[in-house]
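Student: Sharing a structure here in structure tokens format.
Every number here is computed from the coordinates shown, using simple stated rules; none is lab data. Note that the coordinates shown come from a computational prediction; the quantities given were computed from them, not determined experimentally. Counting neighbours? That spans all protein chains shown, and the Cβs are built from the backbone with ideal geometry, glycine included.
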Amino acid sequence: MKTAITTFLSLLLACSAACATVPVEYELLDSKARPADHFTQGLYFDGERWLESSGLYGRSWLAEYTDPGGNPVRRKWLAGDRFAEGLAVLGDKLYLLTYRAGEVQIYHRKAFSLEKVLSYRGEGWGLTSDGQQLIMSNGSDTLTFRDPDTFAVTRQLTVKGGGEQWSRLNELEYVHGLIWANIWQDPRIIAIDPESGTVKGVLDLEKLRRDSLQGRRHVDAVANGIAWDEARNGLWVTGKFWPKLYLIRPEGLGF
């Protein structure tokens with residue numbers, strides 16, 4: 001009996017350690033001002049230029065910037081019945097999701113021209129790439145890996161751990177072997193193991209949200225947008241209708 005009790009307690013302690021939320025501290029490295037009318041859905045930075053998608057019906061666009069505080073170098077407006085969502089860059093292609101239209105728009109990265117449109121089922125939220133496949137969120141607790149040529153599903157991953165039930169996964173960014181994900185209407189970003197789906201860390205942006213909004217209240221002004229700055233080894237983060245971008249460096253997890 002004693003052995004059984006000891007074993008049970010050991011398993012309980014192990015589960016507590018594994019299931020507990022893992023908070024991740026970060027260092028604030030920089031910030032940049034930008035217009036406060038961006039309904040940010042996808043964000044990408046290649047070291048020189050920024051790519052951003054902004055949503056809402058009748059106001060959706062895809063844009064490229066050299067300075068996020070200035071006018072875009074190039075911008076594509078979507079049709080009024082298309083709601084822009086997450087975006088990803090893989091090779092010479094740029095992939096832009098739509099919310100409920102069931103289509104991914106594929107652009108030539110340099111020419112910024114629409115090359116083709118592929119279909120998928122369900123809603124599109126966030127999108128990133130691990131360098132081989134595309135990884136997509138749909139507002140649930142599941143991430144879907146897709147073939148970049150056909151957008152066919154190659155596998156699915158349920159996000160779990162950290163002592164919580166995760167859902168509403170939104171904008172995504174793949175960095176240092178982990179998938180970083182915004183959560184809709186939640187100031188936290190989670191770091192996800194792409195093999196097991198386990199949450200390895202939780203990063204809270206509440207202080208940055210308050211700093212950016214300066215007391216303003218807007219139901220849609222939620223944290224959304226993650227872009228890796230490889231040269232400075234940090235993450236640029238922002239939110240919908242936030243007038244600032246912030247460069248942060250998480251402690252650990254490859255940084």
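Student: Report the net charge of residues surrounding Gln156, where surrounding means a beta-carbon distance below 11 angstrom and charges are Lys +1, Arg +1, Asp -1, Glu -1.
Tutor: That works out to +1.
Student: Using the reciprocal of the averaged 1/r over all distinct C-alpha pairs, how large is the Kirkwood radius of the chain in Å?
Tutor: Here the Kirkwood hydrodynamic radius works out to 18.7 Å.
Student: What number of lysine-lysine pairs in the chain show an alpha-carbon separation below 23 angstrom, given a sequence spacing of 8 or more or placement on distinct chains?
Tutor: Pairs that pass both the separation and distance tests number 13.
Student: Sticking with this structure for a sec: Expressed as a fraction of 2.2 N^0.38 Å, the rule-of-thumb size for a compact globular protein of N residues, what is the C-alpha radius of gyration of region 156-255?
Tutor: 1.05
Student: Using the number of other C-beta atoms within 10 angstrom as an exposure proxy, rank Arg209, Arg146 with the fewest first.
Tutor: Values: Arg209 18, Arg146 22.
Ranked by crowding around the Cβ, least crowded first: Arg209, Arg146.
Student: Which order results if Asp186, Asp46 are arranged by neighbouring Cβ count within 10 Å, fewest first? The partial results should precede the final answer.
Tutor: Working: Asp186 17, Asp46 14.
Listed from fewest to most nearby Cβ atoms, that is Asp46, Asp186.
Student: How long is the gain from Arg217 to Asp92 if the chain were fully straight, where each residue apart is worth 0.36 nm and the alpha carbon distance is subtracted?
Tutor: On the way: separation 125, 0.36 × 125 = 45.00 nm, distance 3.93 nm.
41.1 nm is the gain from fully extending Arg217 to Asp92.
Student: Computed FRET efficiency, Cβ-Cβ of Thr142 and Arg59, R0 25 Å: what is it to the nearest 0.05? Walk me through the intermediate numbers first.
Tutor: Numbers: r = 29 Å, r/R0 = 1.14.
Efficiency, from the Cβ-Cβ distance: 0.30.
Student: In nm, to one decimal, how far is the Thr150 label point from the Glu230 one, both placed 7 Å along Cα→Cβ?
Tutor: 2.9
Student: Can you give the extra length, in nm with one decimal, that the chain gains between Asp30 and Lys207 once fully stretched, where that is 0.36 nm per residue apart less the Cα-Cα distance?
Tutor: Values: separation 177, 0.36 × 177 = 63.72 nm, distance 1.44 nm.
Length difference between fully extended and current span is 62.3 nm.
Student: Follow-up question, since we're still on this one. Using +1 on the beta carbon of Lys and Arg, -1 on that of Asp and Glu, and nothing else charged, what's the dipole of the chain about the Cα centre, debye to 20?
Tutor: Details: 30 positive and 32 negative charges, 104 e Å.
About 500 debye.
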